Amino acid sequence: MPAERPYDQPVARVLIAEDDEGIRDPLVRALEREGYDVDAVGDGLEAARIATEDQHDLLVLDIGLPGLDGLEVCRRVREERPDVAVLFLTAQSGELDAVAGLDAGGDDYVTKPFRLAELLARVRAQLRRVAPTEARAADVRLDLGARRAWQAGRELELTPKEFDLLALLVAHAGEVVRREDIMSQVWDANWFGSTKTLDMHMSWLRRKLGDDAAAPRRIATVRGVGFRFEP
Ligand code: CA
């Protein structure tokens, strides 16, 4: 069962191409336990086809694949999707040289046999690298790395909580974000206090967005449920 991550970033999608089931199956299970959306294939041609048509964030490519080797899979997919992250699984030093020779900045490799923990750490690092750095909806734009926000080109002076609130709402613009999810994401997963805090911060945030608390048009209150950023 993938872990539930309601309003983090959208769940990252990973494609594994590995013909050795003894490696592939445990890997699929481990990545699913981490909460990723995982597809797996055992053939290079199929890997290239799926990865070109679909929108995976990360490809985990064995180099010695039937059909098409992992390096060639990477080259073909990159022609269509230059930004996809790639993590190679290599078996011998000859393969390592080939990976090093790839013109693919930022890609990484893990040598077999590898420890699962090591591979998961590399997967996380690759996914961080390709994580969205910006969120926008309507006239609001956020730089998630620099933690700065603008409305119609004017920079907003936000507290850390207000920034997190706005980032969460904008990432899900047009959808209701439930109060309890906001509490666990912006405050703490084990929040026991009153959600009055949330209403207070929300009213400050609305004011900074020039929204009228009595008749908000930017952040709507959905009674008994939560809030919705109107795109
Ligand atoms: Ca292989």
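The values are calculated or read from the model by the stated rules, or taken from the named source; none is laboratory data. Quantities reported herein were computed from a predicted structural model and do not represent experimental measurements. Please note: Cβ atoms are built from the backbone with ideal geometry, for glycine as well, and neighbour counts cover all protein chains shown.
Quick check on region 132-159: of everything there that is of a type in the set (Val, Ile, Thr) and surrounded by 12 or more Cβ atoms within 10 Å (Cβ to Cβ), which residue is nearest to Asp211 (Cα to Cα)? Filtering first and then ranking leaves Val140. Would you mind stating whether Asp83 is out of contact with any Phe, Trp or Tyr (no Cβ under 6 Å at 6 or more places or on another chain), among the acidic types (Asp, Glu) and within 14 Å of the ligand (Cβ to nearest atom)? For Asp83, the condition - out of contact with any Phe, Trp or Tyr (no Cβ under 6 Å at 6 or more places or on another chain), among the acidic types (Asp, Glu) and within 14 Å of the ligand (Cβ to nearest atom) - is not met.
Checked against (1) modelled with pLDDT of 90 or more; (2) over 21 Å from the mean Cα position of the chain (by Cα); (3) among the charged types (D, E, K, R); (4) surrounded by fewer than 15 Cβ atoms within 10 Å (Cβ to Cβ), Glu79 passes all but condition (1). Among all residues of region 38-52, there is at least one that is part of a loop (DSSP other than H, G, I, E, B), modelled with pLDDT of 95 or more and within 16 Å of the ligand (Cβ to nearest atom). For Gly35, the conditions (1) within 12 Å of the ligand (Cβ to nearest atom); (2) of a type in the set (Gly, Ala, Ser); (3) part of a loop (DSSP other than H, G, I, E, B) are fulfilled apart from (1). Could you go through region 162-171 and let me know if any residue there is at pLDDT below 90, of a type outside the set (Ser, Thr, Tyr) and either exposed (fewer than 15 other Cβ atoms within 10 Å of the Cβ) or under 23 Å from the mean Cα position of the chain (by Cα) (or both). Checking region 162-171: at least one residue is at pLDDT below 90, of a type outside the set (Ser, Thr, Tyr) and either exposed (fewer than 15 other Cβ atoms within 10 Å of the Cβ) or under 23 Å from the mean Cα position of the chain (by Cα) (or both). In region 127-142, the count of residues that are more than 16 Å from the ligand (Cβ to nearest atom), of a type in the set (Val, Ile, Thr) and closer than 30 Å to Gly44 by Cβ is one or more. You will find that of Val99, Val60, the residue that is within 16 Å of the ligand (Cβ to nearest atom) and modelled with pLDDT of 95 or more is Val60 and no other. Scanning region 9-61 for residues that are loosely packed, with under 15 Cβ neighbours inside 10 Å and in contact (Cβ under 8 Å) with a residue 60 or more places away in the chain returns Gln9, Pro26. Assess whether Leu65 counts as being within 16 Å of the ligand (Cβ to nearest atom), surrounded by 19 or more Cβ atoms within 10 Å (Cβ to Cβ), without any contact (Cβ under 8 Å) to a residue 60 or more places away in the chain and part of a strand (DSSP E or B). No.
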